[in-house]
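One structure below.
Since every read-out is calculated from the coordinates, none of them should be taken as a lab result. Everything numeric in this text was worked out from a predicted model, so none of it was measured. Please note: Cβ atoms are built from the backbone with ideal geometry, for glycine as well, and neighbour counts cover all protein chains shown.
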Amino acid sequence: MGNNNRIRYDKSTSIGMLTGSIFGLLKKELQRQFDIRNIPIKVELFPIINRLFIQDAVPQQTIAEWFGYDRPKTSRVLDELEDSGLVQRRNDPGSRRTKLICLSNFTKESRPIIINALEEAFEIAYKGFTKDEIDDLIKKLQMIKRNLER
């Protein structure tokens, strides 16, 4: 007895292929928006900056835990962000051995420009959608995510 509702694999309608492609294209557009605004953020490192907008001045180990990085990768990523002038390492007043990772003044002052770049990238992505369609799409994607989280 066959199930008529069975999903058949088709590359052009595969959720994995579509979301992977959209993710890559969205990253490319976001990088373009950062570049237009002369914001020296590599889109791959933006999640760290975004998280520091929420909670600034955290130990390096906290960043490693947030993103599942090992110590060498965390150091490399933070070195790159520091070299770009986006973050600073500061002494932790509570521990001589700990350095806190803090947003630079440049990054703090550039926050509205960075947010504008994000909004523009999403505006391009959602072109032709109504607000209700966007909300519905997000709800459906969240449902798929919940279905797959075990």
> So which of K42/K145; K99/K131; K108/K131; K99/K145; K99/K127 end up more than 32 Å apart, counting from Cα to Cα?
Replying inline: K99/K131; K99/K145; K99/K127
>> Could you tell me how far the Cα centroid of the stretch 99-132 sits from the Cα centroid of the stretch 69-90, in Å?
In response: 21 Å
> So, with +1 on the Cβ of K and R and -1 on the Cβ of D and E, and no other charges, what is the size of the charge dipole of the chain about its Cα centre, to the nearest 20 debye?
Replying inline: 500 debye
>> What number results when the radius of gyration of the stretch 1-129, computed over Cα atoms, is divided by 2.2 N^0.38 Å?
In response: 1.38
> Which aspartates and glutamates have a Cα lying under 19 Å from the Cα of K73, excluding residues fewer than 8 positions away in the same chain?
Replying inline: E44, E65, E82, D83
> If the cut-off is a Cα-Cα distance under 16 Å, which aspartates and glutamates reach K140, setting aside same-chain residues fewer than 8 apart in sequence?
Replying inline: D132, E149
> Just in the stretch 1-89: which chymotrypsin sites (Phe, Trp or Tyr not before Pro) are loop by DSSP and have at most 16 other Cβ atoms within 10 Å?
Replying inline: Y9
> Looking at the stretch 7-51, which trypsin sites (Lys or Arg not before Pro) are DSSP coil and have at most 15 other C-beta atoms within 10 Å of their C-beta?
Replying inline: R8, R37, K42
> Got the relative contact order for the stretch 1-125 handy, in percent, Cα pairs under 8 Å and 6 or more residues apart?
Replying inline: 27 percent
